[in-house]
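What follows is a set of notes on a single structure, which appears directly below.
The values are calculated or read from the model by the stated rules, or taken from the named source; none is laboratory data. These numbers come from a predicted model, not from an experiment. Don't worry about glycine lacking a Cβ; one is built from the backbone with ideal geometry, like all the others, and counts go over all protein chains shown.
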């Protein structure tokens, strides 16, 4: 428990040590690391607790380029009433002593100076044979009791929490997101999850970081400088997801309700558009040690251009992976990552602007460090 407190303290310290600010629509290349941020139905999809710490520097070739950092936690809520399952243990059906007694000593034709030694040799031989039989039977029983999927096919409650800071010049944004999801089996291999999250947002404008030719004659600058952008708002975000060990598909709506919501408006809250997110991925076994996972994130707004994130990941022994990423109208790039010590994870993504953007924008760098607590099932496939 003390180690958990230390990790959480480190996460908070890391987050507040950076200047808190940013652009409202943050494009994350490694969006799969924080799926509950885009759809709350992914909250607690794994049976262990995941912590993610992310850093992103976009367009490193320009001054005051967008910078973001976040801390994300996702896990499963403890069960109030947990049924105690009777543990099935293998018990050997062989009695070595009884089997040894059944072996008759040689007759008088063979002179024996020490019959006890002979009996001991016979018992050791029988015991070695019994151990081999028991080992095979124990492995067979373990395989029969082992679940066929890495996810737990039973109802469960999940949670997620994200604290995100991002900045772009004089504009800053601090976001806190809290999510909950209920996961219910719909078959012996698939689960349907329904989730909802609340987003609390604080936007600010720092006049000391803004540069204009004439402050007095610039009405937009005066509006921002006098607190016209500084505001606090909250949003409600529902979502649904269907998943198994081989795929997931989900649909979520961001900013469907919140402060200042007008009925029947495209703009849900204070002029911010409601956003629809479709997320899907599948997992294909190529060989015993290789797995391929193509996936997409499609974000749609009524009055803004749609955004498509596409990526394809190649896993090796579920420990190392390489990825190719594409974001329409924006960038292409790659990523790689790996697990170490069976509970820590590190990944890096590199993006370059597409041709229609000025190359002087520079590349984008994104780092994610992950921690798995109370690891249950294998960390595949949702949080790679």
Is at least one residue of segment 264-276 closer than 30 Å to residue 187 by Cβ, touching a strand residue (DSSP E or B) at 6+ places or on another chain (Cβ under 8 Å), modelled with pLDDT of 90 or more and surrounded by 14 or more Cβ atoms within 10 Å (Cβ to Cβ)?
yes
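Pick from segment 281-299 the residues that are under 15 Å from residue 327 (Cα atoms) and touching a residue at least 24 places away in the same chain (Cβ under 8 Å): which of them is surrounded by the fewest Cβ atoms within 10 Å (Cβ to Cβ)?
Residue satisfying both the conditions and the ranking: 295.
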For segment 64-77, check the following and say yes or no: at least one residue is modelled with pLDDT under 75 and either buried (at least 20 other Cβ atoms within 10 Å of the Cβ) or closer than 30 Å to residue 277 by Cα (or both).
yes
For residue 25, all conditions in the list (1) modelled with pLDDT under 70; (2) over 21 Å from the mean Cα position of the chain (by Cα) hold save one; what is the number of the exception?
(2)
Test of understanding: among 250, 241, which residue is modelled with pLDDT of 90 or more, under 18 Å from residue 308 (Cβ atoms) and touching a helix residue (DSSP H, G or I) at 6+ places or on another chain (Cβ under 8 Å)?
250
Considering only segment 373-384, I want to know if a residue exists there that is part of a strand (DSSP E or B) and either modelled with pLDDT of 90 or more or over 30 Å from residue 234 (Cβ atoms) (or both).
no
